[in-house]
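The values are calculated or read from the model by the stated rules, or taken from the named source; none is laboratory data. Since we're looking at a predicted model, the values are computed, not measured. Cβ placement follows ideal geometry from the backbone for every residue including glycine, while neighbour counts extend to all protein chains displayed. For the accessible areas, the whole protein counts, side chains as well, though only heavy atoms, and no ligand, DNA or RNA atoms are used. Shrake-Rupley method; radii C 1.70, N 1.55, O 1.52, S 1.80 Å.
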Amino acid sequence: MDQPAISDYGFLSDCRSGALVGRDGSVDWWCPDRFDAPAVFARVLDPEAGHWRLAPVGAGHPGHRVERAYRPDTLVLRTVHHTPEGSVAVTDALAAELGARGHQLGMNSPAVLLRTVEGLAGRVRMASDFAPRPDHGLLTPYLHDQPDGAVLAVAGATVLELRSDGPPLRAGVDRVRTEFEVAAGDTVGFTAAYGRTYGERPARLDPATMIAETAVAWEAYRETHQYDGRYADLVRHSAVVLTGLTYTRSGAVAAALTTSLPERIGGDCNYDYRYAWLRDFAMTLRALWVAACPTEASRLFAWASRSIGRVGPEPVPVLFGLEGERDISEHASTHLRGYAGSRPVRFGNDAWRQRQLDVPGEMISSVWRLHHLLGDPLDEDLREMVLGLTEQVADTWHLPDRGMWETRDTDRHYLSSKVLCWVAMDKAVALAPRLGERADPHRWAAIRDEIRTSVLRAGWNERVGAYTSAFGSSELDASALFLPVAGFLPATDPRMRATIEVIERELGTDGGLVRRWNTDPAGFLLCSFWLVECLVMAGERERAEELFERVVGHANDVGLLSEQIDPHTGAQLGNTPQALSHIGLINAAWRLTDPTTD
């Protein structure tokens, strides 16, 4: 089988988990219990690891054409297949709970995949191929015909129940195949409902009714969120994607839906991004504030503070599980072939073990933002967290770490990490009046100033003419673009302006993308949006607008962005949809709306 392009996939979500559905009508990824749970469909990582294809017979042959779009402000996806015999529309969604509105979306999602086929013109013969492979493709289920016409798939801890309100279903040895005709005006619906072998049973829902209900739930959710800035359609859609990546029960935002989609085809930089990163916290909070509402930002903050717990001397992990799990140890699959042969396929992420000095700065600056804007008092737990993180930075800022890109070789004195240590101390000083008698703003301010002096002295490389990746390094790194975004230096500072120019010249591509470093094989979308923000802050709004529009042009046909873009082919790379890419879009659009935003 030819591997579908990453950009071929649309994203479905019930704010409990998500699925990927290709232009060919195949659901190739679904972890129904939770974003970071085992998949029942994982064909995106191996052709034999499970899928559910629903498409016209002969789809992909000459004369077959596909158009697709989301229902506005939802993740309900409608795919129209035009064939020589006629046209049909397949609508896909992950079911919302009946009656869920506002911030209840995702709180009790029933874990049901809904699919309907609507005849538009002519008569089209359709084929459904349901081949679940639970536990990331390790298991082939037993299939049992049920008296009411359903087929039950059971393997390990997983139960899936396939139902149809149209053609009869019959269990095969390892899959359920059926063909049927749809004429103009006909509608046929299917559901695949998840349950646990020794727990909850699969829900029974009417597919057409629940697709309509799910669309209303998403629309009602978005009606409570306003954005009045530039590029409103793009921002609203990116906000919907971020909502779709949010695990509603805790408020955590998954970094991406998938694991191990490669940064380079055939490469080994394939990581599991189905967790929530504290490093991304301030950027995420800002994006939610701009494009969503304070309630979402507050819930995310509550999740983070509970996940961290009482701060001790050990480093705070850079990422957690979606319900605050700390130990998410990594292992490599021995059976999955990987996307387009890119191995290893990893589950878990050992970056949680790394020393990441930038984490406290993300958290403390987020506390400052939330309480500066809302004016709420800090409760005791939050005060303890800020005090603990501040003292941790005071004791450790001079140490090396693994840096923003979570290198797996050796610790270094990374520039971006030191800058976020400065951010931590700077915002702690600002919060000191709210932190009680144990606050020590005079000592903190002295440490803050010492960090700043070190960054300005050791972070600048005179020969390169730029701030570089680490103290004493001659290597360029696009993370230096974060300095103006973080408020460390104005973009108009002569050295910062020179750094922006050098990075744009040396790390930029013809397509307006920015690579993280010289040997990075692809453009990293977040860094590209940072360059947009830097240009705005440097007073080059026209260039910033042009760059923004070129970068967002790399979204797929339904507005989704992965992590990276191949600068030669324009192909999307890395895990998808990538939260940071959509966060970068939102924050850059807002910077273009209000250059003075902090």
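How high is the relative contact order of the range 93-186, in percent, with contacts defined as C-alpha pairs under 8 Å that are six or more residues apart? Working shown, then result.
Working: 157 pairs, mean separation 28.5, N = 94.
Reported as a whole number, the value is 30 percent.
All other residues with a Cβ under 15 Å from the Cβ of Thr197 taken together, and with Lys, Arg as +1 and Asp, Glu as -1, what is their net charge?
Local net charge: -2.
Just to check, using Stokes-Einstein with a Kirkwood Rh over alpha carbon pairs, what's the diffusion coefficient of the range 357-429 at 20 °C and 1.002 mPa s in µm²/s?
169
Tell me the net charge near Ala466. Cut-off is 13 Å between Cβ atoms, Ala466 excluded, with +1 for each Lys or Arg and -1 for each Asp or Glu. Write down the numbers at each step before the final one.
Working: positive: Arg463, Arg495, Arg497, Arg505; negative: Glu462, Glu475, Asp477, Asp493, Glu501, Glu504, Glu506.
Residues close to Ala466 contribute a combined charge of -3.
How much solvent-accessible surface does Trp352 expose, in Å² to the nearest 10, with a 1.4 Å probe and all protein chains in place?
40
Computed FRET efficiency, Cβ-Cβ of His61 and Ala332, R0 35 Å: what is it to the nearest 0.05?
Details: r = 38 Å, r/R0 = 1.08.
Computed FRET efficiency for His61 and Ala332: 0.40.
Which helices count as membrane-span-like in the chain under these terms: full DSSP H, at least 20 Å along the axis by C-alpha, Kyte-Doolittle mean of -1.0 or more?
Values: long enough: 207-223 (24 Å, -0.04); 294-308 (21 Å, -0.11); 359-374 (23 Å, 0.46); 380-396 (24 Å, -0.22); 415-431 (24 Å, 1.18); 441-458 (25 Å, -0.54); 579-593 (21 Å, 0.79).
What comes out of the filter, once short or polar helices are dropped, is 207-223, 294-308, 359-374, 380-396, 415-431, 441-458, 579-593.
Would you mind classifying the range 1-49 by shape? Square roots of the alpha carbon gyration tensor eigenvalues, ordered a ≥ b ≥ c; an a/c under 1.5 is rounded, otherwise it is prolate if a/b is larger than b/c and oblate if not.
Working: a/c = 2.64, a/b = 1.46, b/c = 1.81.
The shape class here is oblate.
Cα gyration tensor of the chain, axes a ≥ b ≥ c as square roots of the eigenvalues: rounded (a/c below 1.5), prolate (a/b > b/c) or oblate?
Values: a/c = 1.97, a/b = 1.73, b/c = 1.14.
Prolate shape, in that a/c is at least 1.5 and a/b is the bigger ratio.
When only Cα pairs under 8 Å and 6 or more residues apart are kept, what is the percent relative contact order across the range 101-253? Can you show the working numbers first?
Working: 261 pairs, mean separation 44.2, N = 153.
Over the range 101-253, the number comes to 29 percent.
What net charge is computed for the residues neighbouring Ala332, neighbours being all others with C-beta under 9 Å from the C-beta of Ala332, Lys and Arg scored +1, Asp and Glu -1? Can you show the working numbers first?
Numbers: positive: Arg343, Arg346; negative: Glu330.
Computed value for this residue: +1.
Given the C-alpha centroids of the range 99-137 and the range 27-81, what is the distance between them in whole angstrom?
So the separation of the two Cα centres works out to 9 Å.
Would you mind classifying the range 188-341 by shape? Square roots of the alpha carbon gyration tensor eigenvalues, ordered a ≥ b ≥ c; an a/c under 1.5 is rounded, otherwise it is prolate if a/b is larger than b/c and oblate if not. Can you show the working numbers first?
Working: a/c = 1.44, a/b = 1.08, b/c = 1.34.
Taking the square roots of the gyration eigenvalues as a ≥ b ≥ c, the range 188-341 is rounded.
Treat the range 481-551 as a sphere of radius equal to its Kirkwood radius over Cα pairs and apply Stokes-Einstein at 20 °C in a medium of 1.002 mPa s; give the translational diffusion coefficient in µm²/s, rounded to a whole number. Can you show the working numbers first?
Values: Rh = 11.9 Å.
Estimated via Stokes-Einstein, D reaches 180 µm²/s.
Dipole size in debye (nearest 20) for the range 109-224 around its Cα centre, Lys and Arg Cβ +1, Asp and Glu Cβ -1? Numbers along the way, then the final one.
Working: 12 positive and 16 negative charges, 62 e Å.
The dipole of the range 109-224 has a size of about 300 debye.
Taking 0.36 nm per residue of sequence separation and subtracting the Cα-Cα distance, how much length would be gained by fully extending the chain between Gln146 and His442, in nm to one decimal? List each step's numbers first, then the result.
On the way: separation 296, 0.36 × 296 = 106.56 nm, distance 7.23 nm.
Contour length minus Cα-Cα distance gives 99.3 nm.
For Tyr198, Tyr271, Tyr221, what's the largest-to-smallest order of accessible area, 1.4 Å probe?
Details: Tyr198 205, Tyr271 45, Tyr221 15 Å².
I get Tyr198, Tyr271, Tyr221, largest accessible area first.
Let me cross-check Phe471: its accessible surface, 1.4 Å probe, with only protein heavy atoms counted, in Å² to the nearest 10?
For Phe471, the solvent-accessible surface is approximately 60 Å².
Please work out the Cα center distance from the range 441-492 to the range 497-574, rounded to the nearest Å.
Rounded to whole Å, the Cα centres lie 22 Å apart.
Identify, among Leu481, Gly459, Leu507, the residue whose Cα sits farthest towards the positive end of the charge dipole of the range 432-547, taking +1 on the Cβ of Lys and Arg and -1 on the Cβ of Asp and Glu, with the dipole about the Cα centre.
Farthest towards the positive end: Gly459.
For n ≥ 4 DSSP H runs only, could you compute -39500 (n - 2.57) per run for the chain, divide by its residues and tell me the 222 nm figure to the nearest 500? Mind showing how you got there, number by number?
Working: 14 runs with 186 residues, N = 598.
The per-residue figure over the chain is -10000 deg cm²/dmol.
Once you put a point 7 Å from the Cα of Leu399 and another 7 Å from the Cα of Glu540, both along the Cβ direction, what distance in nm separates them?
Those two pseudo-labels are separated by 3.9 nm.
Relative to the present Cα-Cα distance, how much length would full extension add between Arg310 and Glu48 at 0.36 nm per residue of separation?
Separation in residues times 0.36 nm, less the Cα-Cα distance, equals 89.8 nm.
Mind checking the range 423-511 for trypsin sites (Lys or Arg not before Pro) that DSSP puts in a loop (not H, G, I, E or B) and that have at most 13 other Cβ atoms within 10 Å?
Of the trypsin sites (Lys or Arg not before Pro), the ones in loops of the range 423-511 whose Cβ has at most 13 other Cβ atoms within 10 Å are Arg438, Arg463.
Using alpha-carbon pairs under 8 Å, 6+ residues apart, how would you state the relative contact order of the chain in percent?
Contact order relative to length: 12 percent.
Apply 1/(1 + (r/R0)^6) to the Cβ-Cβ distance of Asn108 and Arg353, taking R0 = 45 Å, and write down the FRET efficiency to the nearest 0.05.
Between Asn108 and Arg353 the formula returns 0.85.
For labels at Glu506 and Glu85 in the simple 7 Å Cα→Cβ model, what's the distance in nm?
Roughly 6.0 nm, to one decimal.
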